[in-house]
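Novice: If you scroll down you'll find the structure; I have some questions about it.
The values are calculated or read from the model by the stated rules, or taken from the named source; none is laboratory data. Quantities reported herein were computed from a predicted structural model and do not represent experimental measurements. Cβ atoms come from the backbone with ideal geometry, glycine included; neighbour counts cover every protein chain shown.
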Amino acid sequence: MIKANKHRIQTYIESLARFTATPGNGTTRLSYSKEDAAARRYIKQEMANLGLSVREDAVGNIYGKLEGALKNAPAVIIGSHFDSVPNGGSFDGPAGIIAGLEVAALFQEYGLEPQYPLEVIAMIEEEGSRFGGGVLGSRMIAGQITPADLYEMKDSIGLSAAAAMEKLGFNAADICSARRTGNDVKAFLELHIEQGPLLEEGAQDVGIVQMIVGMTEIRITVRGRSGHAGTTPMEGRADALAAAVSILNELPGIASDESDLPVLTVGKLDVLPNGANVIPNQVVFTVDIRSANSDTIKRILRKIDKLVADAERPGISLSIDELLYAEPVEMSANIQSLLIGNCEKLGLRYRKMVSGAGHDAMIFAGFTDTGLIFVPSKDGISHTPEEWTDYAQLQKGIEVAFETIVQLTEAKEKSSNTEM
Ligand SMILES: [Zn+2]
């Protein structure tokens, strides 16, 4: 049985963690930043050290390729993203890239030749921390983003994604060349930290994701009428916040009334003009709804529509905008059964699970066979400097990924002594 190299895995993680804008306070690595450029140099160097042929696509995703024996065959891709949230951890994203590097290292060390080419990928802007929306690197690969979109997306200082990538030498206008399809990608495998407590609570080594939940984000705007807090009588006010609260109060109950455990979160709320002595004339808040069942999401949305309509009254008007709608996505049944078989072969404890977080895998699943492996997160936490996965746990997950990549690429030993 081939063992992954725990020391090498640790070195990769610790090395990538150095590329942060907030040393001593977690990983802050926004796409196309100085830290991105430095991490990019490191990843490309490590890929080259492993004998991979290295390239970056037009928008800055990094590939390292190990040619297969079959000519012009579709590739098996393994990887994840290397951007982070502000003050995030060292594992969210890098764990999956390092899984790819370690798998490639094991191929070289043990003289394995893939029939189908193996590509390790490091993607940009999964978190959406700089330009919003998220999974941008994979959405560009899937052909879901146009050059015009990249000019429209702005960071907090108003710089467009197109301009930011051009500063690093990439070319938004050439985004089409970054496109991959089911014709040239045979399969995609991502290893990611769980970011939740289930594996640790169950003392399990590996999570095999069956599906990624559907997610919807809407923005509700409530418009009322300002007035002086002291001189405007209570009667006849059009207080936007009071109207918003009538909706906010009902929202958690709408989710908990459903039997299949959807989750609903209001994470952002702006009150305007936000003065202590002014009646609010506008309130804007987001609602994030996730469920494994798209009918549940649609039912919740209909109930919210009704709540919003019922909140209309003289002086108060409301509107709803949809910011994101993603259907639940199933992971490949074939890859799930390979993963299960490999966990059993390696004697690892595993569980099947649903991912409540979005990942690049959900975009790849739109055009190729896709698998997603989770490894345990200590105390279930992530997106903080304390985010942690034991290297021994990461090693186990990577060994499952390695066995699965050997099968997907139909790798063979280079020497012809297989009859011995
Ligand atoms: Zn991630």
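Novice: Any residue at all in the stretch 41-54 that's at pLDDT 95 or above, farther than 22 Å from Leu112 by Cα and exposed (fewer than 15 other Cβ atoms within 10 Å of the Cβ)?
Specialist: For the stretch 41-54, residues at pLDDT 95 or above, farther than 22 Å from Leu112 by Cα and exposed (fewer than 15 other Cβ atoms within 10 Å of the Cβ): present.
Novice: Considering only the stretch 359-402, state which residues are of a type in the set (S, T, N, Q), away from the ligand (no atom under 16 Å from the Cβ) and in contact with a helix residue (DSSP H, G or I) (Cβ under 8 Å, 6 or more places away or on another chain).
Specialist: Within the stretch 359-402, just Gln395 meets the criteria.
Novice: Here's a follow-up. For the stretch 279-297, what are the residues that are surrounded by fewer than 18 Cβ atoms within 10 Å (Cβ to Cβ) and part of a loop (DSSP other than H, G, I, E, B)?
Specialist: Asn293, the sole residue that qualifies.
Novice: Now a separate question. Can we say Gly64 is closer than 30 Å to Asp174 by Cβ, surrounded by fewer than 24 Cβ atoms within 10 Å (Cβ to Cβ), assigned by TED's automatic domain parsing to the domain that holds Gly134 and in contact with a helix residue (DSSP H, G or I) (Cβ under 6 Å, 6 or more places away or on another chain)?
Specialist: no
Novice: Would you mention how many residues in the stretch 298-338 are aliphatic (A, V, I, L, M), out of contact with any helix residue (DSSP H, G or I) (no Cβ under 8 Å at 6 or more places or on another chain), assigned to a helix (DSSP H, G or I) and surrounded by 12 or more Cβ atoms within 10 Å (Cβ to Cβ)?
Specialist: The number of residues fulfilling the criteria is 1.
Novice: Let me ask another. From (1) under 14 Å from Ala365 (Cα atoms); (2) more than 16 Å from the ligand (Cβ to nearest atom), pick out the condition that doesn't hold for Ser138.
Specialist: Only one criterion in (1) under 14 Å from Ala365 (Cα atoms); (2) more than 16 Å from the ligand (Cβ to nearest atom) is unmet by Ser138, namely (2).
Novice: Could I ask something else about it? Quick check on my filter: what residues within the stretch 16-27 are at negative phi and surrounded by 16 or more Cβ atoms within 10 Å (Cβ to Cβ)? Spell out the reasoning first.
Specialist: From the stretch 16-27, those at negative phi are 16-23, 25, 27; that's our starting set.
Within the stretch 16-27, Leu16, Ala17, Phe19, Thr20, Ala21, Thr27 qualify.
Novice: Residues of the stretch 220-256 being assigned to a loop (DSSP other than H, G, I, E, B), among the acidic types (Asp, Glu) and surrounded by fewer than 18 Cβ atoms within 10 Å (Cβ to Cβ), which ones?
Specialist: Result: Glu235, single match.
Novice: Tell me which residues, restricted to the stretch 78-105, are within 16 Å of the ligand (Cβ to nearest atom) and hydrophobic (A, V, I, L, M, F, W, C). Break it down stepwise before answering.
Specialist: Keep residues of the stretch 78-105 that are within 16 Å of the ligand (Cβ to nearest atom), which gives 78-100.
Across the stretch 78-105, the qualifying residues are Ile78, Phe82, Val85, Phe91, Ala95, Ile97, Ile98, Ala99.
Novice: Oh, and also: Within the stretch 209-258, work out how many residues are farther than 30 Å from Leu191 by Cα and either not assigned by TED's automatic domain parsing to the domain that holds Lys303 or not aliphatic (A, V, I, L, M) (or both).
Specialist: 24
Novice: Identify, please: which residue in the stretch 176-197 is of a type in the set (Gly, Ala, Ser) and assigned to a loop (DSSP other than H, G, I, E, B) and is, among those, farthest from the ligand (Cβ to nearest atom)?
Specialist: Gly182
Novice: With away from the ligand (no atom under 16 Å from the Cβ) and on the phi > 0 side of the Ramachandran plot as the only criterion, which of Gly133, Gly158, Gly128 stands out?
Specialist: Gly158
Novice: Among the numbered conditions (1) within 20 Å of the chain's Cα centre (by Cα); (2) modelled with pLDDT of 95 or more, tell me where Pro273 comes up short.
Specialist: (1)
Novice: Mind checking which residues of the stretch 72-113 are buried (at least 24 other Cβ atoms within 10 Å of the Cβ), in a loop (DSSP other than H, G, I, E, B) and not acidic (Asp, Glu)?
Specialist: Result: Phe82, Ser84, Gly89, Phe91, Gly93.
Novice: Show the residue pairs that are 6+ apart or on different chains and have beta-carbon atoms under 7 Å apart, the first residue being within the stretch 22-51 and in contact (Cβ under 8 Å) with a residue 24 or more places away in the chain and among the polar types (S, T, N, Q), the second being surrounded by fewer than 23 Cβ atoms within 10 Å (Cβ to Cβ) and part of a helix (DSSP H, G or I).
Specialist: Thr27/Ala17
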